[in-house]
Amino acid sequence: YMWGYSQMISDSNLAVVRMQMAADIFHRQKHYQRELRVLADLTTLFFLETQLNQVLASSMRAVRVANIVRDDWSRGAALVCVAAMLFVQGRELAMLGVARRAFAQPINIAWYWLLSMIVTTTLLRLGRPLEALQVVDKTLEHHPKMDQDDRLRQNLLRQQATARFYQGYTAEAAMQAIDVHRYL
């Protein structure tokens, strides 16, 4: 798993293969919490690469695993996955309802990031940039570990720039978007 995770930037195809192998091994060994952790990172990677069919498949698998574990953390993961599936299917309002419930559950950082990204993307599509900004601010404020993975942080900052653009702060948004692009 860690070997695959370490390949996420340099060779995402190898990362996917290794992480899927790790998830399969954890499943066979009945280490379902570890499998959910791998699936969180895989789903995040698929979302970053806009592989929405893979996001859907990975989310479906995570829901099945979460139903085996049945603790607060796995319920949170399952809700995030249901929100992701609704997002992929274009059911935005239903996704926002599920997302509210998911935000109230304990969720690991990868699931929280994914939830924040799909919610902010949806809010921006619906013309609600102030709400999108609130989600980004809350995510960055309450999850300082987000700074440990710059891809996650920078993608949230890109959402923040887009929301500022929609609010009419075009110069500030453009500068922020350029900074994000440089980091990514």
Please give the per residue accessible area of segment 1-147, computed with a probe of 1.4 Å over protein heavy atoms only, in Å².
-> 49
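Can you tell me the length gained on complete extension of the stretch LEU52 to ASP11, counting 0.36 nm per residue apart and subtracting the Cα distance?
On the way: separation 41, 0.36 × 41 = 14.76 nm, distance 1.89 nm.
Between LEU52 and ASP11, full extension yields an extra 12.9 nm.
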Can you give the extra length, in nm with one decimal, that the chain gains between LYS145 and ARG70 once fully stretched, where that is 0.36 nm per residue apart less the Cα-Cα distance?
-> 24.5 nm
Descending semi-axes in Å of the chain, equivalent ellipsoid built from Cα gyration tensor = 28, 19, 13
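Size of the dipole of segment 117-184 about the Cα centre, Lys and Arg at +1 and Asp and Glu at -1 on the beta carbon, nothing else charged, in debye to 20?
Details: 9 positive and 8 negative charges, 41 e Å.
About 200 debye.
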For segment 10-110, Kirkwood radius (reciprocal of mean inverse C-alpha pair distance, Å) = 13.5
Extent of segment 110-173 along each principal axis, from alpha carbon coordinates, in Å, largest to smallest?
-> 31, 22, 16
Summing -39500 (n - 2.57) over every DSSP H run of at least 4 residues in the chain and dividing by its residue count gives a helix-only mean residue ellipticity at 222 nm, to the nearest 500 deg cm²/dmol, of -26500 deg cm²/dmol
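When the accessible area of the chain is split by element with a 1.4 Å probe, what percent falls to carbon and sulfur? Each step should come with its number before you reach the end.
Details: 5120 of 9600 Å².
The computed percentage sits at 53.
The values are calculated or read from the model by the stated rules, or taken from the named source; none is laboratory data. Remember, it's a predicted structure, so these values are computed and weren't measured experimentally. Here the Cβ is made from the backbone with ideal geometry for all residues, glycine too, and neighbour counts use every protein chain on show. Note: accessible area is taken over every heavy atom of the protein model, side chains too, but ligands, DNA and RNA are not part of it. Shrake-Rupley method; radii C 1.70, N 1.55, O 1.52, S 1.80 Å.
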